[in-house]
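The numbers here are math on the coordinates, done by the rules we state, and not lab data. Because the structure is a prediction, the values reported are computed rather than measured. We place every Cβ from the backbone using ideal geometry, glycine too, and count neighbours over all the protein chains shown.
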Amino acid sequence: MSRTVRIVDVGYTTDEIVSRPSRPGQSGRSATLIHAWLRAEGEGRAAIGRASAILDREQAGQKPSENGSPTLPVARLIADLMGAEYYRCRFAGHPIETTAVVSHAIPTVSSQVRLQLGLPDAISYSQVASVAGVFDSALHDAYGKWLGLNSWLCLGAEFLTTGIDEFLGDQFRGLQLGEFLSPTPRSRMAVRHRIGIHDPLSPAESVERIGDGLPETLADWIGREGLEEFTVETTGDVREDLARIRSIDAAAAKVHDLFGTDRRRYVLEFVHSVNGEQLSHELLGRITMELPHVFDRISFVRWRGRGPVASGVPVASPIKPAFWSGDDSTVEELKRLRESGFSGIEIQSGLGPTRCIMAALVARQLGMAVAVDEITGPGAAFVQAAGLAARLPGENAIAASARQYWPVAQATWADSHPGLIRVANGELTTESLIGVGLSATPPDPV
């Protein structure tokens with residue numbers, strides 16, 4: 001029995017979502033969601049796959065200077081051109097193989113975008129891939145639905161007959177993409193709450209309130225959801241960051257004492273910059289001396305930025321595990337990160353299952369830990385990210401940041417994915433991640 005499919009139609013729609021205001025009296029920021037759909041056929045039957053992603057991550061709280069994400073006009077044109085490339089691809093195969101074929105067009109698409117929009121600089125491969133990933137996700141979703149299986153179960157040799165070394169090189173000969181993924185998701189995952197540099201920590205700091213019925217302060221969030229895992233954004237000012245971390249831990253401890261728990265953990269997030277490494281080392285040193293009880297609670301530090309990091313330049317702190325969060329996904333990019341002292345990567349689910357699972361496999365072979373990036377869109381985008389995160393070995397926390405930034409859009413999924421949307425005791429449950437395809441949406445009648 002052949003287990004290959006051919007794409008016969010592709011399309012996408014977009015809609016605008018509005019974030020929760022970051023402060024009282026302010027308006028929320030709008031962002032654009034792309035909803036891709038793709039029809040695949042094989043063996044006389046068909047399936048439709050669906051996927052969603054944030055199209056303009058600049059409006060999702062990430063600045064182009066931090067991660068190189070394309071702006072909205074650029075992203076829309078990339079979506080048009082890459083959608084057309086998937087449509088023109090008449091290759092019959094596994095989604096991994098099809099996306100590998102389509103990816104040959106990325107340099108051409110990059111040149112077309114630059115010429116059509118009159119841009120001064122070239123669009124990078126990773127920028128194009130970050131937009132094209134939604135079509136790859138739709139293809140994997142269609143493939144799983146075509147087989148009547150969860151898409152993460154369709155990565156073994158019985159489905160993908162081409163050896164992984166054909167994509168990654170001889171050193172990966174004999175490996176299987178799905179061999180290190182759990183066939184079933186963890187039943188529960190801790191939620192890692194994101195603490196922005198301006199987020200109020202306690203009622204005393206929040207004289208004015210947004211008034212939308214959601215938690216207003218860190219203390220409110222902990223009280224409502226029982227949170228124990230936190231990401232702390234840093235500013236690059238060591239004195240300011242140290243004081244902020246001291247205040248965060250004091251506010252969290254006060255609420256945790258009421259619950260009788262003492263298990264809070266932190267991730268410190270830094271933005272990659274010219275002198276960022278020196279400042280991070282200084283901050284960690286100060287925490288060691290002045291806040292040793294907080295230092296012991298730091299799980300790892302995260303670097304967010306645009307890569308790749310220069311080979312052999314030690315940027316990661318040796319005193320805490322360091323993760324890199326960016327679009328880096330090739331073998332050479334990941335090797336450079338390892339040489340630079342990083343012990344793990346956070347893969348961006350928006351790159352699509354093909355690049356995510358390839359990057360995860362390479363990272364594991366390099367001895368690096370793997371997690372899923374914090375910034376995801378709401379709804380289907382979050383469900384798809386959670387489906388991967390819940391099957392990766394090691395890291396047992398996920399950032400459900402969409403509930404903070406796009407709570408209205410996220411809440412509409414509570415009926416179909418209640419365990420993922422409603423956080424209790426600091427955790428979400430994953431019972432809805434075992435459906436066919438990528439589990440976000442039920443199969444379409446075809």
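Using alpha carbons only, how many degrees (0 to 90, rounded to 10) separate the axis of helix 72-88 from the longest principal axis of the chain? Taking Cα atoms only, the helix is inclined about 30 degrees. With respect to the chain, whose longest principal axis is taken over its alpha-carbon atoms, helix 125-147 is tilted by about 60°.
Ordered by the number of other Cβ atoms lying within 10 Å of each residue's own Cβ, fewest first, ASP237, ASP80, ASP328 fall into the sequence ASP237, ASP80, ASP328. In this structure the amide hydrogen of ASP9, modeled in the peptide plane, comes within under 5 Å of the amide hydrogens of ARG39, none closer than 5 places in sequence on its chain.
For the chain, the longest principal axis of the C-alpha atoms and the axis of helix 380-389 are separated by about 80°.
Across GLY25, GLY148, GLY213, mean-square fluctuation computed from a Gaussian network of the chain (C-alpha pairs under 10 Å connected) peaks at GLY213.
Relative to one another, the C-alpha centroids of region 379-442 and region 133-174 are positioned 22 Å apart.
The phi torsions of region 353-369, fed into the Karplus equation with coefficients 6.51, -1.76 and 1.60 and a -60° offset, translate into couplings of x, 4, 6, 4, 6, 5, 4, 5, 5, 4, 4, 5, 5, 8, x, 9, 6 Hz, rounded to whole numbers, with Gly and Pro shown as x. Charged neighbours of PRO215, selected by a Cβ distance under 11 Å, balance to -1 (K, R count +1; D, E count -1).
For the chain, the antiparallel share of DSSP beta bridges with both residues in that region comes to about 50%. For region 10-20, putting each phi into the Karplus relation 6.51 cos²θ - 1.76 cosθ + 1.60 with θ = phi - 60° gives couplings of 9, x, 7, 10, 9, 8, 9, 10, 10, 6, 5 Hz, in residue order, rounded to whole numbers and with x for Gly and Pro. On full extension, the segment bounded by GLU205 and GLN26 gains 62.8 nm, given 0.36 nm per residue less the C-alpha separation. Farthest towards the positive end of the charge dipole of the chain, among the residues ALA389, THR412, ALA46, is the Cα of ALA46, using unit charges on the Cβ of Lys, Arg, Asp and Glu. Can you find, among GLY326, SER432, ALA363, the residue sitting farthest towards the positive end of the charge dipole of the chain, where Lys and Arg contribute +1 and Asp and Glu -1 at Cβ? Result: SER432, furthest along the dipole toward the positive end. Determine, from the Cβ-Cβ distance of ASN425 and ASP165 and an R0 of 51 Å, the FRET efficiency 1/(1 + (r/R0)^6), rounded to the nearest 0.05. It comes out at approximately 0.70. Comparing ALA129, ALA92, ALA381 in a Gaussian network model of the chain where C-alpha atoms under 10 Å apart are linked, the largest mean-square fluctuation is found at ALA92.
Cβ-to-Cβ counts within 10 Å put SER182, SER202, SER19 in ascending order as SER182, SER202, SER19, the fewest first. Compared with the alpha-carbon gap, the fully stretched path from GLU16 to HIS293 is longer by 95.4 nm at 0.36 nm per residue.
Placing unit charges on the Cβ atoms of the charged side chains and taking the dipole of the chain about its Cα centre, the candidate lying farthest along the positive direction among VAL8, HIS104, LEU258 is VAL8.
Among beta bridges identified by DSSP and lying wholly in region 287-446, the antiparallel ones come to about 10 percent. Taking amide hydrogens as placed 1.01 Å from N in the peptide plane, the amide H of THR231 sits under 5 Å from those of HIS193, ARG194, ILE195, VAL267, each at least 5 positions away in sequence or on another chain.
Computed from the coordinates I sent, percent of Cα pairs over 38 Å apart equals one of (i) 43; (ii) 34; (iii) 20. Tell me the label. This structure yields the entry labelled (iii).
Computed about its Cα centre, the charge dipole of the chain is approximately 280 debye, with only Lys, Arg, Asp and Glu carrying charge at their Cβ. Around the amide H of ASN150, modelled in the peptide plane, lie the amide H atoms of GLY437, all under 5 Å away and 5 or more residues distant in sequence or on another chain. Highest mobility in the GNM of the chain, judged by mean-square fluctuation with C-alpha springs under 10 Å and restricted to LEU155, LEU119, LEU33, is found for LEU119. Extension gain, GLN365 to ILE197, is 56.9 nm, computed as 0.36 nm per intervening residue step minus the present C-alpha separation.
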